[in-house]
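> Below are the structure tokens for one structure; questions will follow.
Just so you know, all these numbers are worked out from the coordinates, no wet-lab data involved. Predicted model only: the values in this text are computed from it and were never measured. Note: ideal-geometry Cβ built from the backbone for every residue, glycine included; neighbour counts use all protein chains shown.
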Amino acid sequence: MVRYCEVCGRPHAEIHHIIFRSEASYLSNIPINFKYLCSNCHRGKNGPHMNRNTDIKYKKQLQQNLFHIFESKAYYSETEIIKKLDISSSEISRMFKGLRRYKEGYKKEDIVTLFMGGTLYIDEHEKEILDLIKELNII
Ligand SMILES: [Zn+2]
Ligand SMILES: [Zn+2]
């Protein structure tokens, strides 16, 4: 099956791992972490491996995508996660080992953080607000 580049539409796209394998090897077989790119959009000067802004842009898109998929509830069961992300149950149990399971299920933020390789990306102004809240001890 020929894959087309998601950026420019050229055929024979390669799989790019939005969260690099060096950042989280456990995400290397997870389809939501794939982005199809031609060699130029992948390895060229504006590609995610050469351009930090492109890399961050794709990571933020993945994060948005994940929050969208898990937007309806605060907690999800393993079965729901398997269905939503099209991954095997053995993959899930391997990945979720060590993640806190509440009686309602896994927490949305924990799930998204895990599929983001352990890091959430937030904008500078959001970060300032969060820091301010922490400083003021509101939460
Ligand atoms: Zn391309
Ligand atoms: Zn890549």
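> Taking the Cβ of Cys41 as the center, what net charge do the other residues with Cβ under 11 Å away carry, scoring Lys and Arg +1 and Asp and Glu -1?
On the way: positive: Arg10, Lys35, Arg43, Lys45; negative: Glu6, Glu14.
Within the 11 Å Cβ shell, the charges total +2.
> When the C-alpha atoms of the chain are aligned to their principal axes, what extent does each axis show, in angstrom, from largest down?
Over the chain, Cα extents along the principal axes are 49, 38, 26 Å.
> Using the Karplus equation 6.51 cos²θ - 1.76 cosθ + 1.60 (θ = phi - 60°), what ³J(HN,Hα) coupling, rounded to whole Hz, does each residue of region 66-80 give in order, writing x for Gly and Pro?
5, 5, 5, 4, 9, 7, 6, 9, 8, 9, 9, 7, 4, 4, 5
> Can you work out the Karplus-derived ³J(HN,Hα) for every residue in region 59-65? Use 6.51 cos²θ - 1.76 cosθ + 1.60 with θ = phi - 60°, whole Hz, and x for glycine or proline.
5, 5, 5, 4, 4, 4, 4
> At 7 Å along the Cα-to-beta-carbon direction for both Ile56 and Asp86, put a label point, then send me their distance in nm to one decimal.
Computed distance between label sites Ile56 and Asp86 equals 3.1 nm.
> Another question, if that's okay. What's the local net charge at Ile129, with K and R +1, D and E -1, over the other residues with C-beta under 11 Å away? Mind showing how you got there, number by number?
Numbers: positive: Lys127, Lys134; negative: Asp123, Glu124, Glu126, Glu128, Asp131, Glu135.
For residues surrounding Ile129, the net value is -4.
> Another question about this same structure. Counting only other residues whose beta carbon sits under 13 Å from that of Leu99, what net charge do I get with K and R as +1, D and E as -1?
On the way: positive: Arg94, Lys97, Arg100, Arg101, Lys107, Lys108; negative: Glu78, Glu109, Asp110.
Spelling it out: positives minus negatives among the neighbours equals +3.
> Stretch Tyr26-His49 to full length: gain in nm at 0.36 nm per residue minus the Cα-Cα span? Could you put the intermediate results ahead of the total?
Details: separation 23, 0.36 × 23 = 8.28 nm, distance 1.92 nm.
Full-extension gain reported as 6.4 nm.
> Would you pull out the residues with amide H under 5 Å of Tyr36's amide H, same chain only if 5 or more places away, H placed 1.01 Å from N?
Those qualifying (amide H under 5 Å, at least 5 residues apart or on another chain) are Glu6, His16.
> Under the rule that an exposed site lies in a DSSP loop and has at most 16 other Cβ atoms within 10 Å, name the longest stretch of the chain with no GluC sites (Glu not before Pro) of that kind, not counting the sites themselves. Provide the component values of the computation, followed by the final result.
On the way: sites that count: Glu6, Glu23, Glu71, Glu104.
That gives 24-70 as the longest site-free run.
> Also, I was wondering about something else. Mind checking region 18-86 for trypsin sites (Lys or Arg not before Pro) that DSSP puts in a loop (not H, G, I, E or B) and that have at most 15 other Cβ atoms within 10 Å?
Numbers: sites: Arg21, Lys35, Arg43, Lys45, Arg52, Lys57, Lys59, Lys60, Lys73, Lys83, Lys84; in loops: Arg21, Lys45, Lys73.
When the trypsin sites (Lys or Arg not before Pro) of region 18-86 are filtered for loop state and at most 15 Cβ neighbours within 10 Å, Arg21, Lys45, Lys73 remain.
> Also, I was wondering about something else. At R0 = 35 Å, how high is the FRET efficiency between His12 and Thr79 if r is their beta carbon distance? Nearest 0.05 is fine.
Values: r = 36 Å, r/R0 = 1.03.
Given R0 = 35 Å and the Cβ-Cβ separation, E is 0.45.
> Once phi is turned into ³J(HN,Hα) by the Karplus curve 6.51 cos²θ - 1.76 cosθ + 1.60 with θ = phi - 60°, what whole-Hz value does each residue of region 12-24 show in order, with x for glycine and proline?
6, 6, 9, 7, 9, 8, 4, 8, 4, 4, 6, 8, 7
> Can you return the aspartates and glutamates within cross-link range of Lys59? Criterion is Cα-Cα under 19 Å, with same-chain partners fewer than 8 residues away left out.
Glu6, Glu14, Glu23, Glu71, Glu109, Asp110, Asp123, Glu124, Glu126
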